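Here is the structure we will look at.
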Amino acid sequence: LLVALPARAQEGEGIRFFKGTFEEALKEAKKQGKPLFVDFYATWCGPCKKMEKTVFTQPEVGTYFNERFISLQLDAEKPENVETAKKYKVEAFPTLGIIAPDGKAIQINVGFMKADELLEMGKTAIGEVKGFEELYKEYRAQPNDLKIQQELLTIAPRFLTTQDGMDA
């Protein structure tokens, strides 16, 4: 029984965060063909600490993110990270981003997220759940469908945070 415990403990771990810089994590994401999940945080941020202790440690969250993403925690106020934070429009904490291996933002979310919300964000970003653009096409085809309208309006703020200029 004791021999099986270490293996079982590893299965139930939370998110394993990459140790290194943003550039190194992005390079690893490109190498593995996975998106990069970034937790942009500040050391003084209460909600950031709460997510680190109560959400990122959940086995279901860890299993999902460890299989599908390279994950990185980035202190957005450290001098070496300020430009990266600006690039992804980090203005509040926590900001959670899913970045394509080419560096383009797929999805950016600002604020504390519960485990189920974080999992939905991940699933939407990699196409396991309908995203804004797919729902918008459905809406254009069926403009009077209230269910589609509700889904579209629910995810619109998250979609808009990834857009620039005229796209936004």
Would you confirm whether any residue within segment 104-114 is touching a residue at least 40 places away in the same chain (Cβ under 8 Å), small (Gly, Ala, Ser), loosely packed, with under 15 Cβ neighbours inside 10 Å and not in a helix (DSSP H, G or I)?
yes
Please tell me if THR95 is touching a strand residue (DSSP E or B) at 6+ places or on another chain (Cβ under 7 Å), surrounded by 15 or more Cβ atoms within 10 Å (Cβ to Cβ) and of a type in the set (Ser, Thr, Tyr).
yes
Which pairs turn up if I take residues in segment 55-79 that are surrounded by fewer than 15 Cβ atoms within 10 Å (Cβ to Cβ) and look for partners that are not basic (Lys, Arg) and not in a loop (DSSP other than H, G, I, E, B) with beta carbon separation below 8 Å, at least 6 apart in sequence or on another chain?
PRO59/GLU11; GLU60/ALA115; GLU60/LEU119
Test set (1) surrounded by 10 or more Cβ atoms within 10 Å (Cβ to Cβ); (2) modelled with pLDDT under 95 - GLU28 fails condition number
(2)
In segment 120-131, which residues are surrounded by fewer than 20 Cβ atoms within 10 Å (Cβ to Cβ) and either in a helix (DSSP H, G or I) or in contact (Cβ under 8 Å) with a residue 12 or more places away in the chain (or both)?
GLU120, LYS123, ILE126, LYS130, GLY131
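The values are calculated or read from the model by the stated rules, or taken from the named source; none is laboratory data. No experiment lies behind these values; they were computed from the predicted model shown. Ideal geometry is used to build each Cβ from the backbone, glycine not excepted, and the neighbour counts take in all protein chains shown.
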